[in-house]
1. Which length gain, in nm to one decimal place, applies between residue 29 and residue 299 when the Cα-Cα distance is subtracted from 0.36 nm times their residue separation?
2. Could you derive backbone 3J(HN,Hα) for region 274-283 from the dihedral phi with the Karplus parameters 6.51, -1.76 and 1.60 (θ = phi - 60°), listing whole Hz in sequence and x where the residue is Gly or Pro?
3. Starting from the Cα-Cα distance between residue 546 and residue 217, subtract it from 0.36 nm times their residue separation and give me the gain in nm to one decimal.
4. If r is the Cβ-Cβ distance from residue 185 to residue 356 and R0 is 51 Å, what FRET efficiency results, to the nearest 0.05?
5. Let me check I've understood the local charge: for residue 243, count other residues with C-beta under 9 angstrom from its C-beta, Lys and Arg +1, Asp and Glu -1. What total comes out?
6. How far, in nm, would the chain grow between residue 172 and residue 58 when pulled straight, counting 0.36 nm per residue and subtracting the alpha carbon separation?
7. Based on the Cβ-Cβ distance of residue 456 and residue 555, what FRET efficiency does E = 1/(1 + (r/R0)^6) give at R0 = 30 Å, to the nearest 0.05?
8. Give me the net charge for the shell around residue 271: Cβ to Cβ below 11 angstrom, other residues only, Lys and Arg +1, Asp and Glu -1.
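Derivation of every value follows stated rules applied to the coordinates shown; laboratory data play no part. If you're wondering where the values come from, they're calculated on a predicted model, not measured in any experiment. Virtual Cβ from ideal backbone geometry, glycine too; neighbours counted across all protein chains shown.
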Amino acid sequence: MRFQLVRPVVSKGSSIPRFVKRIPSDIKDRMVGRTLVIPLGNGTVAFRVTASTQSIRFSLGTADPSQARIRQAEAVTYVEQYFSAVRDARPVQLTHRQVTALAGEFYRSWAADPDTTQSLAYAPATGEFFTGDDHGFDEAELMAAAQEALAERAESAGDDYFLTSHLPDIDKRLAELGIPEVTPISRLQLAKAFNKQLLDGLTTNARIAGGDYSPDANLSKFPPWEPPVREGTDKPKEGVSLTGLVDAWWVEAKAVGKSLSTYESYANTIRLFSAFIGHDDATRVTPEDVIKYKDHRLSAISPRTGKPISPTTIKGSDLTAFKSVFDWAVSNRKLPSNPASGVTVKLGKKTKTRERDFTEAEAKALLTAATDALAGVVRPNQTQLAERWVPWLCAYSGARVGELLQLRKEDLRRDEGTEAWVMTITPEAGTVKGKEARDVPLHPHLVDMGFMDFVKAAKQGYLFMSIKPDATFRGVWRSKKNRLAEFAREHVKDPNVAPNHGWRHTFKMKGFEAGIQEKVLDAICGHAPSSVGRAYGSVSLKTKVDAMALFPRFEVGRGGA
């Protein structure tokens with residue numbers, strides 16, 4: 001399947017571009033009465049097709065050209081996939097696993113914490129439903145009352161009750177998944193499953209509203225959503241599906257130390273490739289499929305940046321994933337050959353317009369912003385604390401942002417031999433490139449600014465993150481990294497320098513200027529030695545402390561000097 005690039009349309013007299021996509025004539029009659037739920041920014045837009053509808057049209061909701069391109073690309077992908085599903089598929093008969101997966105999504109929407117949930121309650125005296133906030137009643141009691149009332153109603157209800165109650169939610173979710181139609185049996189199964197999970201979700205919400213935030217055991221029973229196999233294709237055999245191959249590859253790759261981020265990247269590439277070629281059967285993949293996908297990616301727009309995807313990304317991410325997973329499949333007798341073998345992208349030499357370290361003005365601007373991050377803040381949250389301290393820690397260690405965000409209180413100590421404060425960057429805290437722990441002395445300026453006072457006052461555990469029971473380390477960690485990148489980019493505007501990674505280059509540059517040996521700087525930064533000779537002999541903590549004493553202070557003016 002190839003997607004046609006459709007550009008945003010700007011109407012006369014308006015600065016807000018619109019999405020316009022003509023409905024193909026061969027499926028026009030079958031589209032009447034359907035409602036498409038199309039992704040738009042962080043939300044969706046619902047578009048209902050009537051007998052007179054010729055094109056799908058709606059505002060992209062932004063005058064920003066880059067954001068408009070991103071939203072346009074997301075909408076085109078969804079609409080083209082939906083058209084294809086209408087054209088090729090009969091009503092889908094969902095499996096029990098698929099019904100349970102969708103019901104699990106519905107459950108999560110009701111089993112949220114009281115600060116974000118749809119706060120629903122039931123008044124037995126009047127038979128009315130209302131939000132707990134409207135009446136000032138106890139949230140836990142109201143949730144429990146609503147659950148009991150709905151359970152009683154469901155016991156004697158017929159099929160129409162379940163369908164009437166839940167068809168809007170069902171249709172919306174199916175439309176989001178690009179499934180135009182399911183069989184009547186599947187629709188009724190979904191309606192009953194949704195109703196059960198509504199009741200279970202209200203029970204869970206009542207428990208949480210009562211102050212019980214213990215982990216939700218229900219969440220583990222729901223399988224992940226897996227899309228239906230297209231009509232007319234056989235389901236691939238166990239272990240020979242594309243998604244099955246990448247999961248099987250991961251079992252071995254994990255055992256030999258590959259990182260979870262690598263698996264996530266490969267799995268995402270395989271998922272997108274499967275959607276592009278229209279099936280999940282690894283035995284049917286041809287070199288031509290890989291080449292077509294490569295060409296498609298080269299002409300595609302990144303939804304994150306609004307710019308064309310770089311050839312470097314395609315070669316280093318997409319093609320590397322194909323070759324690794326398919327090579328593994330060949331070695332393990334699951335495929336006769338690697339369809340990605342020999343497929344590559346020729347890369348030209350990238351134009352370099354500046355050095356990769358920060359200028360004095362950029363470093364000063366970012367560190368000044370970090371120093372002022374808590375100005376006027378009485379009770380800072382952990383993101384604000386990260387904005388205050390992580391840039392300074394980067395400046396005086398050359399460490400990666402992710403390594404510093406996962407620092408725990410127990411990772412900092414006073415070394416008895418040198419009397420220096422030391423932070424240990426360790427994979428035990430989360431993730432470290434190279435999977436090796438290292439000790440990094442704190443620069444005296446950090447201590448003077450009060451960093452250790454902050455550490456001593458902090459609770460045990462992560463200094464800049466909180467992992468709630470329903471969250472994952474990687475999810476929170478990535479969110480914090482993204483926020484720090486946004487914070488840095490607000491003050492380092494030049495797109496030709498990485499807003500956070502620039503500190504590693506700056507630290508090395510400043511260290512060279514101070515006369516610190518490259519081997520010592522490598523040991524502090526966590527860089528692998530560039531030669532066999534430099535790999536011999538370790539760098540002692542005392543040598544690092546002495547080097548840090550030579551490292552110059554960053555002078556930024558008020559609060560930071």
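1. 94.0 nm
2. With coefficients 6.51, -1.76 and 1.60, one gets 4, 5, 5, 7, x, 7, 10, 8, 5, 6 Hz.
3. Details: separation 329, 0.36 × 329 = 118.44 nm, distance 5.17 nm.
The span from residue 546 to residue 217 would gain 113.3 nm if fully extended.
4. Efficiency for this residue pair is about 0.30.
5. Details: positive: 271; negative: 226, 247, 280.
Value of the local net charge: -2.
6. Extra length available between residue 172 and residue 58 comes to 39.3 nm.
7. The value I calculate is 0.70.
8. On the way: positive: none; negative: 226, 264, 280.
Within the 11 Å Cβ shell, the charges total -3.
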